[in-house]
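*Asks:* Below you will find the structure I want to go over with you.
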Amino acid sequence: MIQSLLSLLKNYMTRKDLLTGEEFLAQRINQKFVKADNRVKYYNNKANQLRYKNAWVDKPLHKSICLLNELLGDKKEATFHKQYLLGRGLSFGVFTHFEYYEGKLYNAIYNFIIIPMENEQIKIIKK
């Protein structure tokens with residue numbers, strides 16, 4: 001009887017390491033890795049994959065927000081030529097959301113509203 005309970009417990013506590021696939025006898029009920037280094041490596045790999053997958057959006061957004069903060073500084077709004085902004089590296093292909101300004105809906109990057117004007121001028125308003 002005791003032998004069968006021990007065998008059952010051993011089967012229940014036998015786990016497979018998520019990183020290496022190695023089988024081990026878990027010391028805790030929630031243990032998923034043989035050692036802490038495996039856990040760190042597994043979650044670092046997982047985070048790197050997520051960063052790589054989202055880089056096509058995150059990199060242009062990061063570059064754009066840094067540029068807009070640099071260009072506007074303490075000013076609430078400014079107007080620039082579209083080609084100037086493109087040359088500086090502003091990406092008009094990615095936005096974080098849409099924002100209403102004077103009754104119209106415009107693209108926005110974080111706290112900046114991007115308003116196209118005539119003659120390829122772009123007005124940027126900091127909220």
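*Asks:* Which fully enclosed strands (runs of 3 or more DSSP E) of the range 13-104 have 1 or more residues being among the polar types (S, T, N, Q)?
*Replies:* Counting at least 1 such residues, we get 14-16, 77-81.
*Asks:* Looking at 76, 10, 16 in this structure, which one is modelled with pLDDT of 95 or more and among the basic types (Lys, Arg)?
*Replies:* 76
*Asks:* Taking the stated definitions as given, is residue 65 modelled with pLDDT of 95 or more and in contact with a His (Cβ under 9 Å, 6 or more places away or on another chain)?
*Replies:* No, not satisfied.
Residue-by-condition table, conditions (1) closer than 30 Å to residue 20 by Cα; (2) in contact (Cβ under 8 Å) with a residue 60 or more places away in the chain; (3) out of contact with any strand residue (DSSP E or B) (no Cβ under 8 Å at 6 or more places or on another chain); (4) hydroxyl-bearing (Ser, Thr, Tyr):
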position	(1), (2), (3), (4)
60	no, no, yes, no
65	no, no, no, no
75	no, no, no, no
84	no, no, yes, yes
89	no, no, yes, no
99	no, no, no, no
114	no, no, no, no
117	no, no, no, no
123	no, no, no, no
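*Asks:* Ok, one more. Which residues, taken from the range 19-40, are modelled with pLDDT of 95 or more and polar (S, T, N, Q)?
*Replies:* 20, 38
*Asks:* Does residue 114 qualify as being surrounded by 12 or more Cβ atoms within 10 Å (Cβ to Cβ), β-branched (Val, Ile, Thr), touching a helix residue (DSSP H, G or I) at 6+ places or on another chain (Cβ under 7 Å) and modelled with pLDDT of 95 or more?
*Replies:* For residue 114, the condition - surrounded by 12 or more Cβ atoms within 10 Å (Cβ to Cβ), β-branched (Val, Ile, Thr), touching a helix residue (DSSP H, G or I) at 6+ places or on another chain (Cβ under 7 Å) and modelled with pLDDT of 95 or more - is not met.
The values are calculated or read from the model by the stated rules, or taken from the named source; none is laboratory data. Computed from a predicted model, the values in this text were never measured in an experiment. Cβ: placed from backbone, ideal geometry, glycine included. Neighbour counts: every protein chain shown.
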